[in-house]
Structure formats: C-alpha cells, structure tokens
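*Asks:* Below are the structure tokens for one structure; questions will follow.
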Amino acid sequence: MASWYGAPFDGQRTSSGEIYDMNEFTAAHRTLPFGAVVRVTNLANGRETEVRVNDRGPFVANRVIDLSHAAAQALEMIGTGTARVRLTVIAGPNPRVGFFGVQVGAFVNHENAERLQAQLGPRYTPITIANFDSGKGVFYRVRVGRVASQSAAAALAAQLRSEEHMTTFVVRLDN
C-alpha cells in the first residue's frame, strides 16, 4: 500500500539530508537504500512511474512507500490518498546489502526516548536513539538491533511485537 505526502513537508529536510520538493519524483521507504530507483505500479489502474528514494517512512502500519505529490499524480492516486502498488527496484545500490534494525518509538521529548531505551536495555542490544531534524523540530527515534539482513530484522521485530507488545518497523540503519 502506497500513500503520498505534499505541501506540509515541501521544503523540509528529508532523512537523506535533501530538501523535499513535492514536484520531484521521489519517495520515502523504510529499508531501501537512498538513491535506489523504484518503478511503482498502481495495481488498480496500471499506471506506472519511477521514483528515487531520498527519505525514510512511511511509519504507518500497512504502508510500504510514501510518494511525492508528483509521483502520486502520475499514478492517479491523489484523491484516494492511498493505492495498492507493486514496487520494482530498477537501479541503485543493492537493497539487500546493509544493516537493519527495528524502530520501536519516535518522540519529540528526548527523555521519553531515553526512558524506552532504559526499559528495553536489559533484554536487547544495541538500543540507539537516532536524532532526526524534520525542520519543524527534532524527533528522537528509538531503534533496537543492528543486523546484516532484512529478514533477521523482521524476526527481531516479530519478537518485539510478541514479547513487548510494541508497534515495530524494520528500518535501514546505514543510510
């Protein structure tokens, strides 16, 4: 499932450090490396477009990619806001090579992030807090683990959901 983002984020810094331009063909993905070029196909109407991953997200359950406004227009999904899609990586760094972890929380208050880090510390390692300056404020993202495959991170995410009853997202850690 794809969603899109536009005006409120236009001109803000992305996770890659670029400034988001909603009129460019870009996207946010939790695990594909920055610079990956992805063909996105809207399964409802067959429309396709290509986007370059330059941001992280979406951090909403059941969504795999967050498209720029321009890409969403090309796929004719502006009105619905979401669409069932197929993703095909067509260029860029190898998406299977890298380090992955599990995001278990994101806070605007650093103390809340530290509290969660301390709570999970006795059972999991490493637990890191990654700062993200959105341009409208800093978010403190709490992440568990550092593993060399997306499947190992998915297993850790399942363990955290089962044992800790947490909402989890597998994320790429190296870029």
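The values are calculated or read from the model by the stated rules, or taken from the named source; none is laboratory data. Remember, it's a predicted structure, so these values are computed and weren't measured experimentally. For neighbour counting, all protein chains shown are included, and Cβ atoms are generated from backbone atoms with ideal geometry for every residue, glycine included. Just the protein is used for accessible areas: all its heavy atoms, side chains included, with ligands, DNA and RNA removed. Shrake-Rupley method; radii C 1.70, N 1.55, O 1.52, S 1.80 Å.
*Asks:* What does the net charge come to around Thr31 if you take all other residues with beta carbon closer than 11 Å to its beta carbon, with K and R at +1 and D and E at -1? Please report the intermediate quantities before stating the final value.
*Replies:* Details: positive: Arg30, Arg56, Arg96, Arg172; negative: Asp174.
Computed value for this residue: +3.
*Asks:* Using the Cα centre of region 5-51 as the reference point, and only Cβ charges (+1 on K/R, -1 on D/E), how large is the resulting charge dipole? Debye, rounded to the nearest 20.
*Replies:* Values: 4 positive and 6 negative charges, 42 e Å.
So the dipole magnitude of region 5-51 works out to roughly 200 debye.
*Asks:* Specify which labelled value, from (1) 39; (2) 28; (3) 34, agrees with percent of Cα pairs over 27 Å apart derived from the coordinates of the model shown.
*Replies:* Label of the calculated value: (2).
*Asks:* Next up: Give the peptides 107-113, 14-20 in descending order of average Cβ contacts within 10 Å, highest first.
*Replies:* Final packing ranking: 14-20, 107-113.
*Asks:* Can you give me the accessible area per residue for the chain, using a 1.4 Å probe, in Å²? Could you put the intermediate results ahead of the total?
*Replies:* Numbers: 8780 Å² over 175 residues.
Value for the chain: 50 Å² per residue.
*Asks:* Rounded to the nearest 20 Debye, what is the dipole magnitude of the chain about its Cα centre when Lys and Arg each give +1 and Asp and Glu each give -1 at the C-beta?
*Replies:* With Lys and Arg at +1 and Asp and Glu at -1, about 480 debye.
*Asks:* Separate question: Mind listing which trypsin sites (Lys or Arg not before Pro) in region 110-175 are in a DSSP loop and have 13 or fewer other Cβ atoms within 10 Å? Could you put the intermediate results ahead of the total?
*Replies:* Details: sites: Arg115, Arg123, Lys136, Arg141, Arg143, Arg146, Arg161, Arg172; in loops: Arg123, Lys136.
Listed in order of number, the matching sites are Arg123, Lys136.
*Asks:* For Arg30, enumerate residues with amide H under 5 Å from its amide H, sequence gap 5+ or separate chain, H modeled in the peptide plane.
*Replies:* Under 5 Å from the amide H of Arg30: Gly57.
*Asks:* Using Cα-Cα distances under 8 Å and only pairs 6 or more residues apart, what relative contact order does the chain have, in percent?
*Replies:* Details: 392 pairs, mean separation 42.3, N = 175.
Relative contact order, the chain: 24 percent.
*Asks:* Another question, then. For the chain, which whole-number percentage of the solvent-accessible area (1.4 Å probe, protein heavy atoms only) is attributable to carbon and sulfur atoms?
*Replies:* Working: 4390 of 8780 Å².
Carbon and sulfur together cover 50 percent of it.
*Asks:* Set Lys and Arg Cβ to +1 and Asp and Glu Cβ to -1, take the dipole of the chain about its Cα centre, and tell me which of Val37, Asn23, Gly98 lies farthest positive.
*Replies:* Gly98
*Asks:* From largest accessible area down, sort Leu120, Leu87; use a 1.4 Å probe on the protein chains.
*Replies:* Details: Leu120 0, Leu87 60 Å².
In descending accessible area the options line up as Leu87, Leu120.
*Asks:* Putting +1 on Lys and Arg Cβ atoms and -1 on Asp and Glu Cβ atoms, find which of Ala158, Ile65, Val142 reaches farthest to the positive end of the dipole of the chain.
*Replies:* Ala158
*Asks:* Rank-order 21-33, 69-81 by packing density, defined as the average count of other C-beta atoms within 10 Å over each peptide's residues, highest first. Kindly include the intermediate steps, with their values, before the conclusion.
*Replies:* Working: 21-33: 20.7, 69-81: 17.8.
Per-residue Cβ counts within 10 Å, averaged per peptide and sorted highest first, yield 21-33, 69-81.
*Asks:* Once both axes come from the Cα atoms, what is the angle between helix 150-164 and the longest principal axis of the chain, in degrees from 0 to 90, rounded to 10?
*Replies:* Compared with the principal axis, the helix lies near 60 degrees.
*Asks:* Only Lys, Arg, Asp and Glu count, each charged at its Cβ (+1, +1, -1, -1), so figure out the dipole size of region 79-175 about its Cα centre, rounded to 20 debye. Don't jump to the answer; show the numbers that get you there.
*Replies:* Working: 11 positive and 6 negative charges, 71 e Å.
That gives a dipole near 340 debye.
*Asks:* Using alpha carbons only, how many degrees (0 to 90, rounded to 10) separate the axis of helix 110-120 from the longest principal axis of the chain?
*Replies:* On a 0 to 90 degree scale, this one is about 60.
*Asks:* Any idea of Leu43's accessible area? Nearest 10 Å², probe 1.4 Å.
*Replies:* Per-residue accessible area (Leu43): approximately 80 Å².
*Asks:* Moving on. Which whole-angstrom value gives the distance between the alpha carbon centres of region 135-175 and region 39-114?
*Replies:* A separation of 16 Å, based on Cα centres.
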